[in-house]
Amino acid sequence: MIDRRVRIEFAYEAGTTLSDSNRPHFARMLSECFRILDLLGFYRSHISMTKLQFLFTKGSSRLWVRPTLLSMAAIAWVILAYFSSSFLPAAWRVDIEKETLVNLFTILASTMLTVATFSVSAVASAFSSVSTSGTPRATRIVMSDSAVQSTLAAFLAAFIYAVVAITALSALDFHASGRFFLFVGFVVLIGWVLISFLSWVDRISRLGKLGDTIDRVATAARGSMSNPENAGLLEGRSHKEAARPTKGTVLRFDRFGYVQHVDMASLQRLAEELEGTIWLDIRPGAWVTKNAPIGLMDFSKKVEEEKLSQLLKCFSVGHERTHDTDPRFAMILLAEIADRALSPAVNDPGTGIAVLSVQVELLHLWAEADIQSRDPERMKFDRIFVPAITAEDLLLDAFTPIARDGAGMIEVSLRMQKSLRAIMHLEHEELSQAAAAYREIALELSLQSLPIESQRKAVAELAKKPL
């Protein structure tokens with residue numbers, strides 16, 4: 001931490017260009033900034049970076065976050081404009097009339113209110129379309145689209161800036177420099193709104209369409225499936241590396257929901273303090289209930305109630321699964337989209353085939369990430385044993401709905417066999433073996449559902465064709 005005397009000296013050096021009356025205020029302000037940075041450093045040292053990233057990702061995906069932050073920035077600019085006379089020359093040459101600004105902001109406010117209302121309605125309609133044509137669980141991925149959030153933020157921030165500026169101009173006496181600051185903010189916002197509106201025209205034409213939804217889910221899935229930490233053992237150890245203790249304390253959960261994140265760094269620290277190991281039976285994506293066993297604690301020291309509470313706080317739980325840390329959930333979302341397309345009411349085998357192509361690519365990424373995760377250098381938490389994602393579970397998540405509901409469509413049945421054949425060529429033994437086993441299941445479903453003998457024969461020949 002920086003010594004307080006050094007901070008004040010630095011503040012005075014930085015404020016040498018200011019007047020004598022303003023320099024002490026500037027020094028105190030900078031010193032307060034140092035104090036806040038110290039606090040942030042303290043909290044960062046007590047929370048693992050992985051959890052910070054998870055909380056940031058989860059929070060930033062909320063639709064209201066970016067518009068709120070930028071609206072607050074717009075309000076802060078109005079406040080800065082009011083106090084600008086204290087740090088700008090008194091004889092400010094650029095003087096914009098108050099009435100001119102009020103007229104400009106009135107036009108901006110009325111226009112942005114209409115545009116923002118229309119945009120929110122269009123976004124709500126698009127999200128409803130995602131639930132109808134795709135799957136309701138994909139809505140959150142579409143909502144986290146940064147382009148949509150930035151556009152809404154531009155419209156809402158411009159509206160709020162105009163309203164606050166009109167109110168401030170009417171109630172307060174702004175110096176010429178303050179009015180100039182308000183005008184600069186007006187020009188910047190107008191440019192930002194114009195650029196956002198031009199990109200919004202293209203974005204809204206695709207938002208909510210089935211193809212765009214598949215692309216959004218696939219993009220989100222690629223990030224999770226290609227991450228060795230998520231695809232592998234969360235940088236912990238495999239259950240196969242050592243014999244599970246026959247004695248120990250069962251770790252029981254205290255909440256209901258889906259595990260969204262496991263703070264491995266904090267678990268490792270607690271395991272070191274208690275001199276032992278933790279054998280987890282769950283990973284992100286698991287559904288847990290109160291008093292259900294989620295692992296085994298093998299410690300030399302007694303686990304006090306406070307330590308047990310800290311252990312349970314290492315698991316973040318929510319009402320739904322998240323694709324950020326749960327690769328299997330991304331495969332389930334794609335399978336649900338394909339399953340809806342293959343239903344008799346929709347009868348769209350093309351979407352099912354498109355999803356199969358994406359799933360094969362994702363399984364390739366997972367295989368590469370899983371192999372990378374086995375590198376001993378990637379193991380950071382040697383006291384935490386984590387269950388691995390099995391290749392069988394991944395294939396069941398990805399292909400079961402498609403193989404079941406697309407078995408009666410020859411084009412889907414043939415693409416299913418080709419997809420499994422492509423997976424069998426991977427240099428991942430477990431995944432290749434699981435694909436070979438699932439090929440027989442898919443063949444059996446097709447033979448029972450295809451209407452004519454020639455189609456059944458074509459699928460059987462492809463399924464039996466050697467690699």
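Taking the condition over 23 Å from the mean Cα position of the chain (by Cα), of a type outside the set (Ser, Thr, Tyr), assigned by TED's automatic domain parsing to the domain that holds residue 164 and modelled with pLDDT of 90 or more, does residue 94 pass?
On the way: over 23 Å from the mean Cα position of the chain (by Cα): yes; of a type outside the set (Ser, Thr, Tyr): yes; assigned by TED's automatic domain parsing to the domain that holds residue 164: yes; modelled with pLDDT of 90 or more: no.
No, not satisfied.
Conditions (1) free of Cβ contacts under 8 Å to residues at least 12 places away in the same chain; (2) farther than 17 Å from residue 219 by Cβ; (3) among the hydroxyl-bearing types (Ser, Thr, Tyr), marked per residue:
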site	(1), (2), (3)
343	no, yes, yes
366	no, no, no
370	no, yes, no
374	no, yes, no
378	no, yes, no
* To do: Could you please give the count of residues in the range 273-323 that are closer than 17 Å to residue 388 by Cα, more than 20 Å from the chain's Cα centre (by Cα) and of a type in the set (Lys, Arg)?
  => 0
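Would you point out the residue of the range 266-281, among those that are in a strand (DSSP E or B) and among the aliphatic types (A, V, I, L, M), that is surrounded by the most Cβ atoms within 10 Å (Cβ to Cβ)? Break it down into steps so the answer makes sense when it comes.
Of the residues in the range 266-281, the ones in a strand (DSSP E or B) are 276-280.
Next, from what is left, pick out any that are among the aliphatic types (A, V, I, L, M): 278, 280.
Working: 278: 25, 280: 23.
Selected residue: 278.
Output yes when any residue across the range 89-99 is of a type in the set (Val, Ile, Thr) and either closer than 19 Å to residue 196 by Cα or out of contact with any Phe, Trp or Tyr (no Cβ under 6 Å at 6 or more places or on another chain) (or both), and no when none is.
Filtering the range 89-99 down to residues of a type in the set (Val, Ile, Thr) leaves 94, 96.
Now restrict to residues that are either closer than 19 Å to residue 196 by Cα or out of contact with any Phe, Trp or Tyr (no Cβ under 6 Å at 6 or more places or on another chain) (or both): none.
Looking for residues that are of a type in the set (Val, Ile, Thr) and either closer than 19 Å to residue 196 by Cα or out of contact with any Phe, Trp or Tyr (no Cβ under 6 Å at 6 or more places or on another chain) (or both), one finds none in the range 89-99, hence no.
Tell me which residues, restricted to the range 250-259, are surrounded by fewer than 22 Cβ atoms within 10 Å (Cβ to Cβ) and either in contact with a strand residue (DSSP E or B) (Cβ under 6 Å, 6 or more places away or on another chain) or not in a loop (DSSP other than H, G, I, E, B) (or both).
Just the residues of the range 250-259 that are surrounded by fewer than 22 Cβ atoms within 10 Å (Cβ to Cβ), to begin with: 250-258.
Hits for the range 250-259 are 250, 251, 252, 253, 255, 257, 258.
With at pLDDT below 95, assigned to a helix (DSSP H, G or I) and not basic (Lys, Arg) as the only criterion, which of 427, 411, 377 stands out?
It is 377.
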* Hits in the range 318-374 (condition: in contact with a Ser or Thr (Cβ under 8 Å, 6 or more places away or on another chain), closer than 20 Å to residue 142 by Cβ and outside any loop (DSSP other than H, G, I, E, B)) -> 327, 329, 330, 333, 335, 336, 337, 338, 340, 341, 359
* Structure fact -> Taking the range 181-202 and the residues there that are modelled with pLDDT of 90 or more and farther than 21 Å from residue 120 by Cα, the one that is surrounded by the most Cβ atoms within 10 Å (Cβ to Cβ) would be 182
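Condition test on residue 312, is it under 19 Å from residue 285 (Cβ atoms), in the same structural domain as residue 259 (by TED's automatic domain parsing) and surrounded by fewer than 23 Cβ atoms within 10 Å (Cβ to Cβ)? Steps first, please.
On the way: under 19 Å from residue 285 (Cβ atoms): yes; in the same structural domain as residue 259 (by TED's automatic domain parsing): yes; surrounded by fewer than 23 Cβ atoms within 10 Å (Cβ to Cβ): yes.
Yes, satisfied.
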* Structure fact -> The residue that is farthest from residue 451 (Cα to Cα), considering only those in the range 369-411 that are within 22 Å of the chain's Cα centre (by Cα) and not aliphatic (A, V, I, L, M), is 373
* To do: With the condition kept exactly as written, say whether any residue in the range 146-166 is within 30 Å of residue 345 (Cβ to Cβ), touching a Phe, Trp or Tyr at 6+ places or on another chain (Cβ under 9 Å) and surrounded by 18 or more Cβ atoms within 10 Å (Cβ to Cβ).
  => yes
* **Checking residue 371 against (1) of a type in the set (Val, Ile, Thr); (2) touching a His at 6+ places or on another chain (Cβ under 9 Å); (3) outside the structural domain of residue 398 (by TED's automatic domain parsing), the condition it does not meet** => (3)
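Quick one: which of 422, 403 is farther than 30 Å from residue 265 by Cβ, without any contact (Cβ under 8 Å) to a residue 60 or more places away in the chain, assigned to a helix (DSSP H, G or I) and outside the structural domain of residue 294 (by TED's automatic domain parsing)?
Numbers: 422 fails: without any contact (Cβ under 8 Å) to a residue 60 or more places away in the chain.
When all the criteria are applied, what remains is 403.
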* **From the options 345, 354, residue that is at pLDDT below 95 and of a type in the set (A, V, I, L, M)** => 345
* Structure fact -> If we keep only residues of the range 193-248 that are farther than 25 Å from residue 374 by Cα and among the charged types (D, E, K, R), then the residue farthest from the chain's Cα centre (by Cα) is 247
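Would you be able to say whether some residue in the range 284-302 is assigned by TED's automatic domain parsing to the domain that holds residue 410, in contact with a Leu (Cβ under 6 Å, 6 or more places away or on another chain) and surrounded by 20 or more Cβ atoms within 10 Å (Cβ to Cβ)? Let's see the steps before the verdict.
Filtering the range 284-302 down to residues assigned by TED's automatic domain parsing to the domain that holds residue 410 leaves none.
No, the range 284-302 has no match at all.
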* Check residue 444 against each of (1) touching a residue at least 12 places away in the same chain (Cβ under 8 Å); (2) in a helix (DSSP H, G or I) and name the one condition it does not meet. => (1)
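The values are calculated or read from the model by the stated rules, or taken from the named source; none is laboratory data. Please read all numbers here as calculations on a predicted model, not as lab measurements. A quick note on method: Cβ atoms are made from the backbone with ideal geometry, for glycine too, and the neighbour counts reach across all protein chains shown.
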